[in-house]
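Q: Quick one: the structure is below, and I'll ask about it shortly.
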Amino acid sequence: MNFEERKYVLIAAVLFTCVVFILRLFWIQVVDSSWTARAADISERKVTVFPSRGLILDRHGELLVANTPVYDIMVVPRDVHGLDTSALARLIGIPLEAARERLKKAAAYSVWKPSEFELQVTSEQYAAMSVQLWKFPGFYGQSRTLRTYPPHVGAHMLGYLSEVNARKVAQDPYYKPGDVIGVGGLESYYEKYLRGKRGVKYVVVDVHNNVQGPFKEGRFDTLAHAGENLYTGIDLKVQELGERLLKNKKGSIVALDPRTGEVIALVSSPNYDPELLVGRVRSKNYRALQQDSLNPLFDRALQAQYPPGSIFKLVQASIALQEGVITLNTGFPCNKALVGCHNHPSARTIQEAVQMSCNPYFYQVFKREIEQGKDPNRFKDAALGLAEWKQYMESFGLGSPPLLDLPAVKGGSIPGVRYYNKMYGDLGWAFSTIYSLSIGQGEVLVVPMQMANIAAIFANRGFYYDPHVVRAIGNADSLKTGIQKHHTLVDDQWFPAIVEGMRRVVNEPGGTARKARIPGITVCGKTGTAQNPHGKDHAVFIAFAPMDDPKIAIAVYVENSGAGGTWAAPIASLCMEQFLTDSISRPELVKELEETNLIATEGNYKKFVSKRRKQ
């Protein structure tokens, strides 16, 4: 082959090679996107921008829950080289074996993509770490926010955040491993409003994993959208006062605005500082709280089911008046042979019966409700009477969980015909079997939220609104819709007489709640003493004020404290005064209640909290 021919072969080979390269480049850059993604992995980093979680505020705009910046330590396994694992573990503050396990887990997930190595490092901790983090290629900090609780109150009501589990990740595409989610309280119930929407930004990094700036001037970045704020009906000052007054006591306080159903205060005791379940120490503190003998994680306001005691007499009286089995002027002797009672004159009217809380009186009232002579067979007659009685009770919101915007609320129990048939056999019972229901004992159970709702019903003279903690979402003026108004089966005309009896309970001689009086304000209330077969009786008190323009209805339950007028009534009185006047005229009473310890045994939790305060 001569030179001229060789020249054309060479030109053809060069052209062929160029065409191959051009086609290959076209394939890589246009057709096969995997090469683009690989190049991006080498030069770019995708950083998740976590939104600020929505704030939670009280009725006056005071913060109940806020946010504070924290950092997640991330790792890109392919960039890790020459790692001193022991030094890294010491820097972050984790065991050496945990560091090795996390690196192995991250590499198994992806050597190219970032994985969470340590979550929720505080700003102060990260500031100390960051000056040395450059020594560990492949590791960097990614900012997010963490919850903080400025007033340190309302733990049960507010809930907390925890890392999302694998099941939730599989169910909801919004969540990724390492994300946090609301657990319990408002954090859980309003999770979709509070969490916001994540954003993303792309940054260019060099071979040393150092950020050089935004990728393509940020044109592919998306903004994070903050979660919506929750505006509650909680009055922070009342909440704080309630938690102080129940210190060293087992019990609860529930306060409602009867005009709207908004929850003013929701206190459960023993409780805990919500800051204990924040950040890297959450798991350790949760275990300590869980193991405490006083059970501070238990929400007594919504989950404790108690016999209501004598506050039940208010509902019994209204049903009897509606049924016509008594009149406003019906009287009964205080016959202690029927059921035990304290010493007082016999009640001649329904007002006096409420005022003196006469047990034999309400024994007779309940007997007339159950035995109305609708069937000659006394067992069948009792079944007919109890079935009708149960319907009345249910119209007062009893026997089923309240429609409340908090998870895990219980509904107590109102026994009916089926219940007693199962217990004693079909029609094997009569009034004499169930008479203890007349004074709120026996098989009837209510939760404190329902007790407060009863107070609201009498404040409103016959109706109530669904209780709710959150009054507005996103905007303080955009009040929640769908709050239902419920009327009882008792006509409005019967409530004023019972309310007058409640006024006498607090304000007249012979009343059982003189300690509930507030200077210049007419309080209406009812005490109760619930029998406790395992120890000292429980005290209960419900009330509302002012009498003619009610703005607050309240229930206080104090376990193992005796009569309701001794401790529950003054606690309720102080909380109502704080709400109505924004002040306390009896600081000496506050001090006395704060210093009173009604818990017989000291639990591990008290030692735990005491130890933390000294640190």
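Q: Taking N as the number of residues in region 268-376, what value does Rg over Cα atoms divided by 2.2 N^0.38 Å take?
A: Against the empirical 2.2 N^0.38 Å value, I get 1.73 for region 268-376.
Q: With charges set only on the Cβ (+1 for Lys and Arg, -1 for Asp and Glu), what does the dipole of region 230-347 come to about its Cα centre, in debye to the nearest 20?
A: About 420 debye.
Q: For the chain, give the magnitude of the charge dipole about the Cα centre (Cβ charges: +1 Lys/Arg, -1 Asp/Glu; no others), in debye to the nearest 20.
A: Roughly 1220 debye, rounded to the nearest 20.
Q: Which three lengths, in whole Å and largest first, does region 106-158 cover when its Cα atoms are put on their principal axes?
A: 43, 28, 12
Q: Semi-axes of region 130-204's equivalent ellipsoid from the Cα gyration tensor, sqrt of 5 times each eigenvalue, largest first, rounded to whole Å?
A: Semi-axes, largest first: 28, 18, 12 Å.
Q: How large, in Å, is the chain by the Kirkwood hydrodynamic radius built from its alpha-carbon pairs?
A: Roughly 28.3 Å, rounded to one decimal.
Q: Right, something else. If every alpha-carbon in region 385-466 counts as one equal scatterer, what log10 I(q)/I(0) does Debye give at q = 0.25 1/Å?
A: -1.26
Q: Report the convex hull volume per residue for region 345-414, counting only C-alpha atoms, in Å³.
A: Each residue corresponds to 128 Å³ of Cα convex hull volume.
Q: If you find the alpha carbon centre of region 327-399 and of region 149-194, how far apart are they in angstrom?
A: Distance between centres, Cα-based: 47 Å.
Q: Check E262: other-chain or 5+ apart residues with amide H under 5 Å from its amide H, H built from backbone geometry?
A: Amide H neighbours of E262: D257, H468.
Q: Using the Cα centre as the reference, give the magnitude of the dipole from point charges on the C-beta atoms of region 457-565 (Lys, Arg: +1; Asp, Glu: -1; all else neutral), rounded to the nearest 20 debye.
A: Rounded to the nearest 20 debye, it is 260 debye.
Q: Whose amide H sits under 5 Å from the amide H of T522, counting only residues 5 or more places off or on another chain, with H placed in the peptide plane?
A: The answer is M547.
Q: Take the alpha carbon atoms of region 298-453, find their radius of gyration, then divide it by 2.2 N^0.38 Å using N residues; give the quotient. List each step's numbers first, then the result.
A: Working: Rg = 15.8 Å, N = 156, 2.2 N^0.38 = 15.0 Å.
Output field value: 1.06.
Q: What's log10 of I(q)/I(0) for region 479-585 at q = 0.12, 0.15, 0.16, 0.19 Å⁻¹, Debye sum over Cα points only, no solvent?
A: -0.46, -0.68, -0.76, -0.96
Q: At q = 0.12, 0.21, 0.24 Å⁻¹, what log₁₀ I(q)/I(0) does region 73-171 have when each alpha carbon counts as one equal point scatterer in the Debye sum?
A: Taken in order of the listed q values, log10 I(q)/I(0) reads -0.49, -1.14, -1.34.
Read-outs throughout are calculated quantities, based only on the coordinates presented, and are distinct from any laboratory measurement. The model shown is predicted, which means the values in this text are computed figures rather than measured ones. Cβ atoms come from the backbone with ideal geometry, glycine included; neighbour counts cover every protein chain shown.
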